[in-house]
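K.L.:
Can you read through this structure? Questions will come right after.
The values are calculated or read from the model by the stated rules, or taken from the named source; none is laboratory data. Just so you know, these numbers come straight off a predicted model, no measurement behind them. Neighbour counts run over all protein chains shown; Cβ positions are idealised from the backbone, glycine included.
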Amino acid sequence: MSKKKRKTGLDIAMMVLTVAGMVLFLLSYTTGYYVFGQMHSVAILICLFTAVVVEMAGAYVRERGLVKISGKISNNAEIGVYAQKKSPEKEWTYILVIAMIVLLCQAVGMILMDRVEAVGNCIVTDFDSGHGGEEAVYMSFAAIGFFLITVILGIVKSFLGGRRIEVVETNED
């Protein structure tokens, strides 16, 4: 299998895992223990949607090549920053993967902050069990697992097909 097909497969797997995690995260609100809109739920959803958009942008940049990032017109000359057409993997796809990883890690942190109270009240102690808190926490933990697998796949994808540095020894002294 070629490097391009592997990276495309990883892109698809990462998007599917992120969307599956989003679905599990949203399903955790159907138990009735949490109300959507309280705590960090909206910020988490914004992070997750942005992560999916960033991942799609990274896949587009890698597949299409030349993408104009910014441009400025000065003295009748247009100056722009472009991703490289010959080898777009050089910079922008790495930057977009890092942005996606940061967004997913931020979402994981906010989910943990939101669910820590339910872990203490419903799972560790039986103070408030039986009201849907356990199910909400378990669905959220499954979503976190999907997000962390996506982060690992993003890191693996970054190292696929990179240039290798060869050490060449010379006898010149």
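K.L.:
Look at the stretch 103-119 and say how many of its residues are modelled with pLDDT under 80 and aliphatic (A, V, I, L, M).
P.N.:
Selection size over the stretch 103-119: 2.
K.L.:
Do we find a residue being exposed (fewer than 11 other Cβ atoms within 10 Å of the Cβ) and either of a type outside the set (Asp, Glu) or modelled with pLDDT of 80 or more (or both) anywhere in the stretch 53-70?
P.N.:
The answer is yes; a qualifying residue exists.
K.L.:
Looking at the stretch 39-51, is at least one residue more than 13 Å from the chain's Cα centre (by Cα) and of a type outside the set (A, V, I, L, M, F, W, C)?
P.N.:
Among the residues of the stretch 39-51, at least one is more than 13 Å from the chain's Cα centre (by Cα) and of a type outside the set (A, V, I, L, M, F, W, C), which makes the answer yes.
K.L.:
Here's a follow-up. If I filter the stretch 120-173 down to residues being part of a helix (DSSP H, G or I) and among the aromatic types (Phe, Trp, Tyr), which single residue comes out as modelled with the lowest pLDDT?
P.N.:
Among those residues, the one meeting the criterion is Phe159.
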